[in-house]
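The structure under discussion appears below in the form of structure tokens.
Nothing in this text is a laboratory measurement; each read-out follows from the coordinates by a stated rule. Not measured: the values here are computed from a predicted model. Every residue, glycine among them, receives a Cβ derived from its backbone with ideal geometry; neighbour counts consider all protein chains shown.
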Amino acid sequence: MPGLPLAVSGLRLAFAGADVIDLPALAIAPGTLTVLSGASGSGKSTLLYLLSGLLRPDTGSIAWAWADIALLGESQRDRWRRKQAGFIFQNFHLIEEMSPLDNVLVPIWLDRFSANAKRQRALDLLRQLDVPAERDSVAKLSRGQQQRVAIARALIGDPSVIFADEPTASLDAATGETVAAVLQRLAREDGRTVVVATHDPTLKTLADQTVQLDHGKREPAP
């Protein structure tokens, strides 16, 4: 599925009377990797949650192609995410007792037909990401393999947009570089829109665009 373009305008979110995010404008093109960066507390994860609709801004527009998710109610944003978005987190949120294959299929568990139809897709994703699908438990995988299971799970619905929150933070340097390369490939080869909140210098190097934040504001490009 091709990625979606993003146009942000006048985005603000305040907490306890102080601005947490103040972003006048942001544009992201499909098929690109965008990194949201900054020190702890800079607002990068908050901005990621706003762009994904997990948070709603006080003011502003978050237009993914035809849909301004800032105007949608909670249930509408949930539907948008189910259709358009995949999520990858630092804590993989895998079910340790289950196999890699079953973990990938978790997002479509409630739809028996989809689960059966997408079993082969799940196997293909695990193979592409070099994860042994035959293991009976993800607990027996390395942390790098577990993160790649989480990536496959994010892709099972063929989303247009991938959101990742510190996806390499708990990995060693070599494994983190592998995961970073996968995220870059999802953008440049698959054409998806990939947005990552991270400190990782490798991801910054691979990014098509870096949004450097300081106290919720975008710092000028050097």
From the P(r) of the chain, could you give the percentage of C-alpha pairs in the tail past 30 Å?
22
What's the FRET efficiency of ALA39 with ARG12 using the Cβ-Cβ distance as r and R₀ = 30 Å, to the nearest 0.05?
0.90
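Before rounding to the nearest 500, sum -39500 (n - 2.57) across all DSSP H runs of length at least 4 in the chain and divide by the residue total; then give [θ] at 222 nm in deg cm²/dmol.
On the way: 8 runs with 76 residues, N = 222.
Value at 222 nm, helices only, nearest 500: -10000 deg cm²/dmol.
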Whichever lysines have a C-alpha closer than 30 Å to that of LYS44, once near sequence neighbours (fewer than 8 apart) are set aside
LYS83, LYS204, LYS217
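What ranking do 133-139, 63-69 get when scored by the average of other Cβ atoms within 10 Å per residue, highest first? Don't skip to the answer; put the middle values down first.
Numbers: 133-139: 15.0, 63-69: 16.6.
Packing order, densest peptide first, comes out as 63-69, 133-139.
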Round to a whole angstrom and tell me the spacing of the C-alpha centers of region 1-67 and region 202-222.
13
Under 28 Å Cα to Cα from LYS140, which lysines show up? Leave out anything in the same chain fewer than 8 places away.
LYS118
Listed highest first by mean packing, meaning other Cβ atoms within 10 Å per residue, what order do 165-172, 48-55, 194-201 come in?
194-201, 48-55, 165-172
What angle, in degrees between 0 and 90 and rounded to the nearest 10, separates the Cα long axis of helix 143-155 from the longest principal axis of the Cα atoms of the chain?
70
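What is the fewest-to-most order of ILE95, ILE162 by other Cβ atoms lying within 10 Å of their Cβ?
Values: ILE95 13, ILE162 24.
Neighbour counts put them in this order, fewest first: ILE95, ILE162.
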The ³J(HN,Hα) series, computed from each phi in region 41-48 with the Karplus coefficients 6.51, -1.76 and 1.60 at θ = phi - 60°, rounded to the nearest Hz and given as x for glycine or proline, is x, 6, x, 5, 5, 4, 5, 4
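Can you sort LYS140, LYS204 so the residue with the fewest Cβ neighbours within 10 Å comes first? Please report the intermediate quantities before stating the final value.
Details: LYS140 13, LYS204 16.
Neighbour counts put them in this order, fewest first: LYS140, LYS204.
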Return the distance in nm (one decimal) between the two label points of a simple spin-label model at THR59 and LEU71, each offset 7 Å from Cα along Cα→Cβ.
1.8
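If packing is taken as the mean number of other Cβ atoms within 10 Å per residue, what is the order of 173-184, 71-82, 144-155, highest first? The partial results should precede the final answer.
Numbers: 173-184: 18.1, 71-82: 13.6, 144-155: 24.0.
Highest mean packing first, the order is 144-155, 173-184, 71-82.
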